[in-house]
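Okay, structure first, notes after.
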Amino acid sequence: MRARAYVGLAETGTELDRSEIVGLARSADLPLKKIGLALLRGKAIASEVPWLLREMAGDHSRVARLAGEVLSSSPQLWSPADLAVLKGSPETVLRRRGWWLHRSRGGWEAVIADLEFGEVRGRLALPMYFQPTDVQRQRIVDLLSTLSLDRHKVSEIAFAAGIPG
């Protein structure tokens, strides 16, 4: 019932105090936790990143998705290196969550996430209007050398990334 009241407040555009939102998001009561995470989008701070990543690794898929949405709405708070715990997990579902969050950064980071995860099926959405950074370019080179992709796909990625053939 209390969670529904917060949903109603959010729907009416009522601004809630950030500390109240965080309290909800950290609640042991699942419905309150979900609404708190939904309200935290775009309002997270850097010190909350480890907690949100732990939520992404939890057993509740809806909580994990909401925590991921909070993180994806504030990509300046975290780096792909922060996702190592998810992406290195023996559990496929956790690796997929790490891939999804990494991919949410867009641009060349989405390509790198796909290459790391081995999700290179069909046509990749390669950024057309900007080149990868030197660090991203090197990561792409390293990944291309370890994956078994057809020559055409490797050439397409290399050309778009400005990697000399």
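The values are calculated or read from the model by the stated rules, or taken from the named source; none is laboratory data. Small disclaimer: the values here were computed from a predicted structure and weren't measured. Positions of Cβ are backbone-derived with ideal geometry, glycine not excepted, and every protein chain shown enters the neighbour counts. We work out accessible area using only protein heavy atoms, side chains counted, and drop any ligands, DNA or RNA first. Shrake-Rupley method; radii C 1.70, N 1.55, O 1.52, S 1.80 Å.
Calculate how large, on average over all directions, the projected area of the Cα convex hull of segment 1-85 is; give the answer in nm² to one decimal. It would help to have the intermediate numbers written out before the result.
Values: hull surface 21.5 nm².
Directional mean of the projected Cα hull area for segment 1-85 stands at 5.4 nm².
How large, in percent, is the carbon and sulfur part of the accessible surface of the chain at a probe radius of 1.4 Å? Intermediate values should be presented prior to the final figure.
On the way: 5240 of 9410 Å².
Ligands and nucleic acids excluded, carbon and sulfur reach 56 percent.
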Once every DSSP H run of n ≥ 4 in the chain is given -39500 (n - 2.57) and the sum is divided by its residues, what mean residue ellipticity at 222 nm do you get, rounded to the nearest 500 deg cm²/dmol? -18000 deg cm²/dmol
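Ordered by packing density, taken as the mean number of other Cβ atoms within 10 Å over each peptide's residues, highest first, how do 126-139, 40-53 rank? Numbers along the way, then the final one.
Numbers: 126-139: 12.6, 40-53: 16.1.
Packing order, densest peptide first, comes out as 40-53, 126-139.
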Mean accessible area per residue over segment 48-93 (1.4 angstrom probe, all protein chains present, square angstrom) is 48
